Amino acid sequence: MSTHTDANAGARPSVPPQPDRRRWWHALFPPTTPVPAAPLPPLVPPTVSFRQDAPQPILVPARGDAFDFHLHAVYVWTARHMTFEELRFRAERYLSWAGGIIRDRAVDLAREYEPHRSHDLERALNERLAGQRWPRDESAPQFSAQVRVRPDDRVRERLRPYWEERIKLECDHELQKIRARQVDELTRRWCAVLQALEDDPVTAHAARLTGEQFAEVFRRYVEERRETVPDLVGLLREAVRGHNDLNLGPSEYTQAWDAALRTYERQHGLAERVN
């Protein structure tokens, strides 16, 4: 028996070709070209600042040229496109130049003030320096300044006795004011106490309970008041009888003194005892 081998035996069945799906997808949604991002705006260069105290005072003459004012300057340096260390290095190099600018602005003004008017010069000079910067070129480091003004040491020694005496006088004055207020307050309170006690018939005995010193003072106070009142009442009665030194009419004069007399008699219980 002959055997026949099929050449197509064992081969995969043929598959019909499939359409490329990417073609219709790209036809519906064609690829887009990426749009480049907009460039970022340039960064503003940061501002660097450095505060610097002048190591030495600037001397400018006061009025009369016999004494000098001592100006202690404080500079604030600012710059752009520069590191802090570079700005500090340049500020150290420009220190004498900055001091010369401050001296030029201060020398004529200082001659308008007496040697002991350092505070007045300080205020006027800082007003002149306010809002100004040097140099005018903003590309270079710039500085602004404030100053403290101190008088000459010899002037300070002359001022010391004046201020010592003034401080003493002001302290003494304040102390006297405090004492006066305390005396006034204490006097008002004691007057109120004595008047209240005098109106009470039992106060002469009650006063002894508060201490010997107060009892003695209160006793003398009451006796003196009682001794002076009858004399005053007698004068008032004499005036009512006809002594007219006030240029008043007879009826007006009599009514005025009679009213005063009756008031004193009523207040001190003397209406019946004093004739």
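The values are calculated or read from the model by the stated rules, or taken from the named source; none is laboratory data. Fair warning: this is a prediction, and the values are worked out from it, not measured in the lab. All Cβ positions, glycine included, derive from the backbone under ideal geometry; neighbour counts span all protein chains shown. Each accessible area value is taken on the protein alone, full model and side chains, heavy atoms only, with ligands, DNA and RNA left out. Shrake-Rupley method; radii C 1.70, N 1.55, O 1.52, S 1.80 Å.
One table, with the values for the structure above:
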read-out	value
Top-ranked residue of region 135-162 - restricted to ones that are over 29 Å from HIS116 (Cα atoms) and in a strand (DSSP E or B), ranked as nearest to the chain's Cα centre (by Cα)	PHE143
Within region 107-116, considering residues that are in contact (Cβ under 8 Å) with a residue 24 or more places away in the chain and open to solvent by 20 Å² or more (accessible area, probe 1.4 Å), the one nearest to GLN56 (Cα to Cα)	VAL107
The one condition in (1) open to solvent by 90 Å² or more (accessible area, probe 1.4 Å); (2) not assigned by the TED database to the domain that holds ILE58 that ARG123 fails to fulfil	(2)
Breaking point among (1) within 19 Å of ARG158 (Cβ to Cβ); (2) out of contact with any Ser or Thr (no Cβ under 7 Å at 6 or more places or on another chain), for PHE69	(2)
Test result for ARG51, outside any helix (DSSP H, G or I), open to solvent by 90 Å² or more (accessible area, probe 1.4 Å) and either of a type in the set (Val, Ile, Thr) or farther than 29 Å from GLU138 by Cβ (or both)	no
Scope region 73-106; condition open to solvent by 50 Å² or more (accessible area, probe 1.4 Å) and either on the phi > 0 side of the Ramachandran plot or touching a Pro at 6+ places or on another chain (Cβ under 6 Å) (or both); matching residues	ARG80, HIS81, ARG90
Residue check, GLU165 assigned to a helix (DSSP H, G or I), open to solvent by 100 Å² or more (accessible area, probe 1.4 Å) and over 20 Å from GLY64 (Cα atoms)	no
Among the residues listed as GLN182, GLN142, GLN176, the single one being open to solvent by less than 100 Å² (accessible area, probe 1.4 Å) and not acidic (Asp, Glu)	GLN142
Check on VAL60, in contact with a Phe, Trp or Tyr (Cβ under 7 Å, 6 or more places away or on another chain), β-branched (Val, Ile, Thr) and closer than 30 Å to ARG156 by Cβ	yes
